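Before any comments, here is the structure.
Bear in mind that the values in this text are calculations on the coordinates, not laboratory data. All figures in this text were calculated on a predicted structure; none of them were measured in a lab. Cβ sites come from the backbone with ideal geometry, for glycine too, and all protein chains shown count toward neighbours.
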Amino acid sequence: MLELLKEKIDAQRLLLQKLLSASMKKTCERISVIMDNRDALEMLLQDELTSMVYCKHLYILDANAVQITANITRMGKDTAHLERDRSDRGYMQDIVGVTEFRLSDAYISKNKKRPSLTAVHVIRNTKGDLLGFLGADYDIRELPHTELLYKQSSVWQQMKGDPSIRQGLFTQKRCESEIDCNIDNVMALMQELMQEHGVFHGKVHFSSNRATIWLHDDPYSYRLLSLGELLDPNICLAYPRRPYTDKAVVPVDKIPEIFEYLKVLRFSDENIYLRSGSLNVCNGLLGLNFSCDGSHYIYYTEFLDKGSEFWFGHS
């Protein structure tokens, strides 16, 4: 996981811990005096659930992490987990003597198959003796989130593909596609759409003779351009002219240089060659997929700085 993404997740978890631990601590203080009365415990949990607005399930475990109450939900009691031994769950490992509160890593719930979290708080009596644990399950989609959206890192990333494709790499050669035969015209058309017609993300599939584009006027839907459309400049009439977006980090005059380099990567080697390439002018990232099924995501300045010897080992 990229460091910036991990930092974003850790920051969000810290906010959730602060939000959840305080309310659970108060609930545990009320629980400690009635630990031997299941009916009273379940009534208390029902009462507490009304104020714990983000919680999906509440339940209590004894000192051995065996569940001694039903799961209390907003729909009522769920007794299916009564007497369930949770001692082997990750969030229960080494909790005693280490921390009074723990928030689990996210997991996919068994029933609804949704990303979820479990919070556990230690229950103690006034002498500090361990009595048990309060458990609370949360559906991630129902938890409050920070306002700042994670921004994709521009650090170059390489992803290896299918090993079987890599093993047979040198037994295959590039087959000339229709795009290859008309490469200059296709690249000129893609450049025109990005520079003058509001396309902020475009991807050319060299081997399968198609392209996909995303427009600022309709960013939630992509358009598929067939070979015939890529070879017909009249296609520009279907997309109104638009000023080059002020959200772009890629200078407009760099777009021809980038597409020219994509062409180089397509033709430089008969075994290792570019199968598809994409450019997003708003985040500055290129996506490159090669014949070895390896994929690269690289910032446009770093992409332009690397010569063909970086990719193929020769000029």
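Rank these for me by crowding, 42, 176, 7, going from fewest to most other beta carbons within 10 Å.
Ordered from fewest to most neighbouring Cβ atoms within 10 Å, 42, 176, 7 come out as 176, 7, 42.
Considering only the chain, what is the antiparallel percent among its DSSP beta bridges, to the nearest 5?
Percent antiparallel among DSSP bridges in the chain is about 100.
For semi-axes √(5λ) of the Cα gyration tensor in Å, the listed values are (i) 38, 22, 21; (ii) 57, 22, 17; (iii) 39, 20, 17; which was obtained by calculation from the structure presented?
It is the one labelled (ii).
Which whole-number percent is the relative contact order of the chain (Cα, under 8 Å, 6+ apart)?
RCO, the chain: 13 percent.
What's the local net charge at residue 82, with K and R +1, D and E -1, over the other residues with C-beta under 14 Å away? Write out the running numbers ahead of the final one.
On the way: positive: 38, 77, 84, 86; negative: 39, 42, 62, 78, 83, 85.
That works out to -2.
Normalise the Debye intensity by I(0) for region 169-283, one equal point scatterer per Cα, no solvent, then take log10 at q = 0.15, 0.18, 0.21, 0.23 Å⁻¹ and round to two decimals.
Each listed q corresponds, in turn, to -0.63, -0.88, -1.16, -1.35.
Per-residue ellipticity at 222 nm for the chain, helices alone: DSSP H runs ≥ 4 residues times -39500 (n - 2.57), over residue total, nearest 500 deg cm²/dmol?
Using -39500 (n - 2.57) per qualifying helix, the result is -9000 deg cm²/dmol.
HN-Hα J couplings of region 173-190 from phi, Karplus 6.51/-1.76/1.60, θ = phi - 60°, integer Hz, Gly and Pro as x?
9, 5, 8, 5, 9, 5, 5, 4, 5, 10, 4, 5, 5, 5, 5, 4, 5, 5
Sort 88-99, 18-29 for me by packing, meaning the mean count of neighbouring Cβ atoms within 10 Å per residue, highest on top.
18-29, 88-99
Give me 304, 286, 14 sorted ascending by neighbouring Cβ count inside 10 Å, so fewest comes first.
Numbers: 304 15, 286 22, 14 11.
If I rank by nearby Cβ atoms, fewest first, I get 14, 304, 286.
Take the alpha carbon atoms of region 104-138, find their center, do the same for region 20-99, and report the distance between the two centers in whole angstrom.
7 Å
For region 157-312: lysine pairs with Cα atoms under 20 Å, gap of 8 or more or different chains, count?
Step by step, the pairs that qualify in region 157-312 add up to 10.
Compute the relative contact order of region 222-315 as a whole-number percentage, counting only Cα pairs closer than 8 Å that sit 6 or more residues apart in sequence.
With pairs under 8 Å counted, the relative contact order is 19 percent.
Compute the relative contact order of region 3-142 as a whole-number percentage, counting only Cα pairs closer than 8 Å that sit 6 or more residues apart in sequence.
Numbers: 229 pairs, mean separation 33.7, N = 140.
RCO, region 3-142: 24 percent.
Taking 0.36 nm per residue of sequence separation and subtracting the Cα-Cα distance, how much length would be gained by fully extending the chain between residue 195 and residue 80, in nm to one decimal?
Details: separation 115, 0.36 × 115 = 41.40 nm, distance 6.03 nm.
Residue separation times 0.36 nm, minus the Cα-Cα distance, leaves 35.4 nm.
Long-range amide H contacts for residue 132: which residues qualify at under 5 Å (H placed 1.01 Å from N, peptide plane, sequence gap of 5 or more or a different chain)?
123
For region 217-226, what does the Karplus curve 6.51 cos²θ - 1.76 cosθ + 1.60, with θ = phi - 60°, yield as ³J(HN,Hα) per residue in whole Hz, taken in order and with x for Gly and Pro?
For region 217-226, the Karplus-derived couplings read 5, 8, x, 8, 10, 9, 10, 9, 9, 6 Hz, x marking Gly and Pro.
Rounded to whole Hz and in sequence order, give me ³J(HN,Hα) for region 59-68 from the Karplus expression 6.51 cos²θ - 1.76 cosθ + 1.60, θ = phi - 60°, writing x for Gly and Pro.
3J(HN,Hα) across region 59-68, in whole Hz: 7, 10, 10, 7, 5, 9, 6, 9, 6, 10.
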